[in-house]
Amino acid sequence: MSDSSVLRELRGDRADTPSVWFMRQAGRSLPEYRALREGTTMLDSCVRPEMAAEITVQPVRRHHVDAGIFFSDIVVPARQAGLGVEIKPGVGPVFDHPIRTEADVDALPPLGDDYEVALDPIREAVRLTVAELGTTPLIGFAGAPFTVASYMVEGGPSRDHLRTRALMRSQPEVWARLASWVAELSGRFLRAQVLAGASAVQLFDSWVGALSEDMYRSGVQSHSAAALARVADLPVPRIHFGVGAAHLLTPMLEAGATAMGVDHRLRLDQALDILPEGTPVQGNIDPAVLFTSEEARFAEARAVLEAGSRASGHVVNLGHGVAPDTDPQVLTDLVSFLHEQDAHQLGTRRA
Ligand code: CP3
């Protein structure tokens, strides 16, 4: 398992053949997912271990990607801790009671032993998945404090995260208490997955690009660091990913990541110019190219490999998640194209 190409790249030990997995590889783009999920809500499916394991394995079986990403959601921990939250199809996570005042933060459930017990179905799902995946590694994940807390503060998805940013500025102590609660929530969710067998973790800070570097450093970085610290004693790579976060690559790495996910807005060679020498990277095929011609897709894949060729390690991924209406065959063909490429023929690695 530790010889798997994804884990090697994440450790900065390059493999001969490019390795790839896709954010949101499980889910609505797959007919077998839609069939299995029929009649079960998204969040219920996450706490049914056999179902979550089967959904995780589906894209590995179909596309031959080099890693599984655990099927769950960034709000599953909040639900297991007792908060009222659901995922509205086509919308995203929606909380019953938005958290906006000091009293709302006071009323958050304590994260005691009950929370540990509530993570049992997650541990069981991870164990079943790892057994099924064999030598293919499983990547565990959690939502970062800013992204999860922004759903809690806004009550649901938001375009500009205005309420969250206003709370950070007007009541920094209230924000800090909320963000540290989420850091513990997400950090313990990550730890549960690794102890049950996940081989790497990814912290998703999808909406962090809404913040300036100053606001990130003063209000967010220490909380993301606290989440990642919960797995820092375990021998697994820690990937940190944000959308529109080119200006935050360095502070996000400094939060305790060992590899950086890069979205499709920034070329990997430019990311490598920003990051300290030796930082492994992950990304960053534009998901929009999945809706163009095969010629365009393969050209983009080659360009991404080339741009990542001087990294100490590179795991190919999309710049953000697979869109639900993506043709799954396009993903399968992209994986086989990538697996046919010889890493030694690329850019600065050319012998
Ligand atoms: O394949 C995978 O990537 C594994 C599972 C996964 C899901 N959500 C499953 C899911 C992961 C890693 C996530 C993380 C997640 N959830 C993020 C961070 C990653 C990102 O895309 O930026 C965020 C922001 C969320 C919040 C969330 N959950 C959104 C925005 C949505 C989409 C709502 C919609 O219907 O468009 C969800 C729901 C969700 N999470 C689905 C899946 C497969 C769709 C549920 C369905 O089948 O109806």
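Bear in mind these aren't lab numbers, they're just calculated from the coordinates by the rules spelled out. Remember, it's a predicted structure, so these values are computed and weren't measured experimentally. With ideal geometry, Cβ positions are generated from the backbone for all residues, glycine too; neighbour counts draw on all protein chains shown.
In table form, for the structure just shown:
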{"read-out": "Convex hull of Cα atoms in segment 74-210, direction-averaged projection (nm²)", "value": "8.5 nm²"}
{"read-out": "Cα-projected label distance for Glu132 with Lys88, points at 7 Å along beta-carbon direction, nm", "value": "3.1 nm"}
{"read-out": "Least to most buried among His264, His320 (fewest other Cβ within 10 Å first)", "value": "His264, His320"}
{"read-out": "Nitroxide proxy distance, nm - points 7 Å out along Cα→Cβ at Glu173 and Asp273", "value": "4.5 nm"}
{"read-out": "The chain: angle of helix 49-63 to the longest principal axis, Cα-based, in degrees nearest 10", "value": "30 degrees"}
{"read-out": "Where only C-alpha atoms are counted, convex hull volume of segment 200-267 per residue in Å³", "value": "73 Å³"}
{"read-out": "Where a label projected 7 Å from the Cα of Glu254 along Cα→Cβ would reach, residues of segment 146-169 with amide N under 16 Å", "value": "none"}
{"read-out": "Diffusion constant of segment 100-175 at 10 °C, which comes from Stokes-Einstein with the Kirkwood Cα-pair radius and 1.306 mPa s, µm²/s", "value": "104 µm²/s"}
{"read-out": "Projected label distance in nm at Arg302 and Glu38, using a 7 Å step from Cα toward the beta-carbon", "value": "4.3 nm"}
{"read-out": "For segment 110-126, 3J(HN,Hα) per residue [Karplus equation, 6.51 cos²θ - 1.76 cosθ + 1.60, θ = phi - 60°, Hz, x = Gly/Pro]", "value": "x, 9, x, 5, 4, 5, 4, 5, 5, 7, 3, x, 5, 4, 5, 4, 5"}
{"read-out": "Degrees, to the nearest 10: 172-195 long Cα axis against longest axis of the chain", "value": "50 degrees"}
{"read-out": "Antiparallel bridge percentage (DSSP; both residues within the chain; nearest 5)", "value": "15 percent"}
{"read-out": "Angle in degrees between helix 145-154 and the longest Cα principal axis of the chain, rounded to the nearest 10", "value": "50 degrees"}
{"read-out": "At 1.306 mPa s and 10 °C, Stokes D of segment 172-300 from Kirkwood alpha-carbon radius, µm² per second", "value": "102 µm²/s"}
{"read-out": "For the chain, with +1 on Lys and Arg beta carbons and -1 on Asp and Glu, the positive-most of Leu185, Tyr216, Val231 along the dipole", "value": "Tyr216"}
{"read-out": "Relative frequency of Cα-Cα separations exceeding 18 Å in segment 1-131, percent", "value": "62 percent"}
{"read-out": "Longest site-free stretch - the chain; sites: GluC sites (Glu not before Pro), DSSP loop, at most 15 other Cβ within 10 Å", "value": "39-276"}
{"read-out": "Stretch in the chain that is longest and holds no trypsin sites (Lys or Arg not before Pro) that DSSP places in a loop and that have at most 13 other beta carbons within 10 Å", "value": "160-349"}
{"read-out": "Helix-only mean residue ellipticity at 222 nm for the chain, each DSSP H run of n ≥ 4 adding -39500 (n - 2.57), per residue, nearest 500", "value": "-13500 deg cm²/dmol"}
{"read-out": "More than 29 Å apart - percent of Cα-Cα pairs taken over the chain", "value": "36 percent"}
